[in-house]
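Take a look at this one; I'll ask things after.
The values are calculated or read from the model by the stated rules, or taken from the named source; none is laboratory data. All values derive from a computational prediction rather than experimental measurement. So basically every Cβ, Gly included, is an ideal-geometry build from the backbone, and we count neighbours across all protein chains shown. Protein only, heavy atoms only, side chains kept; ligands, DNA and RNA dropped before computing areas. Shrake-Rupley method; radii C 1.70, N 1.55, O 1.52, S 1.80 Å.
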Amino acid sequence: MPSTLRLPHLDLLRVAAFALLIPYHVGMYYVSWDWHVKSPAASSALEPFMLLSSPWRLGLLFFVAGAACATLHAQRGGWAGFARERSRRLLLPLLFGMAVIVTPQAYYELLTQAPELLPSDGGYLDFWAAYLQGGRYCRGNDCMSIPTWNHLWFLPYLWAYALLLAPLLVRLPQRGLAWPDWAWLLLPALPLIAFRLVLFPHFPSTHDLVHDAYNHALYGYLFALGWASRGPLAEGFWAATRRWRWLSLALALLAWGVLVGYFNAYRDETPPEALRQLMRTLWALLSWWALSAACGWAQRLAPRGQAPVLRWLSGAVFCLYILRQTVIVLLTRLLLPQSLPWGLEALLLVGLTAAICLGAYALL
């Protein structure tokens, strides 16, 4: 039975994982990768630093969510109460977010990239009315279906994993795994490697709940691993990640450096297939080593005993998650006429987004 005890290092992991979303999505405004709005200064300069968290950032969110769901299931005393709570907590904000919070992202994406597709005079209220009625806006084969959940895709995925996997996960044997310490550096990564090699080439990421086999395998596994970290894996997993935190961090940084060199070398040409498979393996290993390092360092850095500020921030992360991407998009439109140096503008975007999201939570 998973413990119902609140762990400060899980609160710290939750805060850190969600806090990473703000600088990452501010970065999306400045890199050459596709996003809702783009800076006039967009280039490839920040892309190596974005790559540092890309392999593991979202996986950590699902790992932490799995650990939280295990605790919640134990507190609710059964699947029915757990399912009601998860549905209320995840689906109601999803519906509100799709109808209200996400709309400005879709509007400014069309306004900046395909203004001719906007309805009527191109005003926001006209677009909102059309958005709520549903439909598709297409430029050739590139289509936006509305309403959309955009960054809120995490909510339906988490809801599905919580309800579908909980009946299986509560039946896990409660005895710990008799692994040697070193095995925690490699064995949990083996499914990640298999998913990257077998599924990823055929099922690229879509954030479509029905057609997203690679992401479901990846995030479902990490959700289950997080759940098990509050039960049968509790003793061995947390002790090993704490003990190996320096080595895990070093291996993750080394893997990141190799991947940056690989993507730079083959930016404009196709790599040999064997090298491509090797780099996919390294991507999966990086994701595990980084997650393991995060878990180890969270235990080392988390406060002992009561930590009111950390608990408050842990409560605020859901509000931050819901609001942050729309706040970033709106702030980019507000700051664009100022023609600030992009570095200063990026710092303002990070700071203002955090302040607005935390302020909104404080007022709730």
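Yes or no: region 5-22 includes at least one residue that is over 15 Å from LEU313 (Cβ atoms) and of a type outside the set (A, V, I, L, M, F, W, C).
No - not one qualifying residue is present in region 5-22.
Let me ask something else about it. Can you find a residue that is more than 23 Å from the chain's Cα centre (by Cα) and open to solvent by less than 30 Å² (accessible area, probe 1.4 Å) anywhere in region 130-143?
yes
Another question, then. Does ALA302 count as surrounded by fewer than 19 Cβ atoms within 10 Å (Cβ to Cβ), modelled with pLDDT under 95 and in contact with a His (Cβ under 6 Å, 6 or more places away or on another chain)?
Taking the combined requirement at face value, the residue satisfies it.
If only one of ARG267, ARG196 is open to solvent by less than 40 Å² (accessible area, probe 1.4 Å) and of a type in the set (Lys, Arg), which one is it?
Testing whether each residue is open to solvent by less than 40 Å² (accessible area, probe 1.4 Å) and of a type in the set (Lys, Arg) leaves just ARG196.
Quick check on my filter: what residues within region 171-205 are at pLDDT below 90 and either closer than 22 Å to TRP283 by Cβ or in contact with a Phe, Trp or Tyr (Cβ under 9 Å, 6 or more places away or on another chain) (or both)?
Scanning region 171-205 gives LEU172, GLY176, LEU177, ASP181, TRP182.
Residues of region 311-329 being out of contact with any His (no Cβ under 7 Å at 6 or more places or on another chain) and either among the β-branched types (Val, Ile, Thr) or surrounded by fewer than 17 Cβ atoms within 10 Å (Cβ to Cβ) (or both), which ones?
ARG311, TRP312, GLY315, VAL317, PHE318, ILE322, THR326, VAL327, listed by residue number.
Given ALA284, ALA255, ALA239, which one is in a helix (DSSP H, G or I), at pLDDT below 95, among the aliphatic types (A, V, I, L, M) and open to solvent by less than 30 Å² (accessible area, probe 1.4 Å)?
ALA239
Residues that are in contact (Cβ under 8 Å) with a residue 60 or more places away in the chain and within 29 Å of PRO308 (Cα to Cα): find the helices (runs of 4 or more DSSP H) completely inside region 5-116 holding 3 or more of those.
The qualifying helices (runs of 4 or more DSSP H) are 8-19, 21-28, 57-76, 79-96.
Do we have any residue at all in region 289-307 that's free of Cβ contacts under 8 Å to residues at least 12 places away in the same chain, at negative phi and out of contact with any Pro (no Cβ under 8 Å at 6 or more places or on another chain)?
yes
Same structure, new question: Give region 203-232 a look and list any residue that's among the β-branched types (Val, Ile, Thr) and under 16 Å from the mean Cα position of the chain (by Cα), or say none.
Correct list: THR206 only.
Now a separate question. Based on this model, can you work out whether ALA290 counts as in a helix (DSSP H, G or I), within 28 Å of LEU259 (Cα to Cα) and open to solvent by less than 50 Å² (accessible area, probe 1.4 Å)?
Answer is yes for this residue.
Now for a different question. Could you say which residue among ARG304, ARG311, ARG267 is charged (D, E, K, R) and not in a loop (DSSP other than H, G, I, E, B)?
After applying the criteria, what remains is ARG311.
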